[in-house]
Amino acid sequence: MIQLLIRWSVLALGVTMATKLVPGIECNDGPTLIIVVVLLSFFNAVLKPTMMLFALPFIVFTMGLGIILINAILLGSWVSWSMDSP
């Protein structure tokens, strides 16, 4: 439980830093930050291992560089999904 809280805290800190450093990313209040952290945690916990399992031959063939592609796909899909909603 403590490890989960530490991971969420680090993720929240990363999201907060991204809002300050990257133009176009906004997080104006606490509930929005919590929703973003929960969604990113869900993607990292459920979708990433599943994608890594199916892409294992590709990851081995590229000597690990395929993991960067998986992270980019997850980030891109999440950003496009969040931008489509009003």
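The structure shown yields semi-axes √(5λ) of the Cα gyration tensor in Å, and of the options [x] 41, 20, 11; [y] 26, 16, 12; [z] 75, 10, 8 that calculated value carries the label [y]. How much FRET efficiency would the formula 1/(1 + (r/R0)^6) give for residue 1 and residue 62, where r is the Cβ-Cβ distance and R0 is 35 Å, rounded to 0.05? E(calc), rounded to 0.05, equals 0.45.
The label-point distance for residue 10 and residue 35, in a model that sets each label 7 Å from Cα toward Cβ, rounds to 2.6 nm. Span-like helix criteria (full DSSP H runs; alpha carbon extent of at least 20 Å along the helix axis; mean Kyte-Doolittle hydropathy of at least 0.0) are satisfied in the chain by 2-21, 66-84.
Look at the alpha carbon pairs under 8 Å that are at least 6 residues apart: their mean separation over the length of the chain gives a relative contact order of 20 percent.
A short reminder: the numbers here are calculations on the coordinates, not readings from a lab. Note that the coordinates shown come from a computational prediction; the quantities given were computed from them, not determined experimentally. For neighbour counting, all protein chains shown are included, and Cβ atoms are generated from backbone atoms with ideal geometry for every residue, glycine included.
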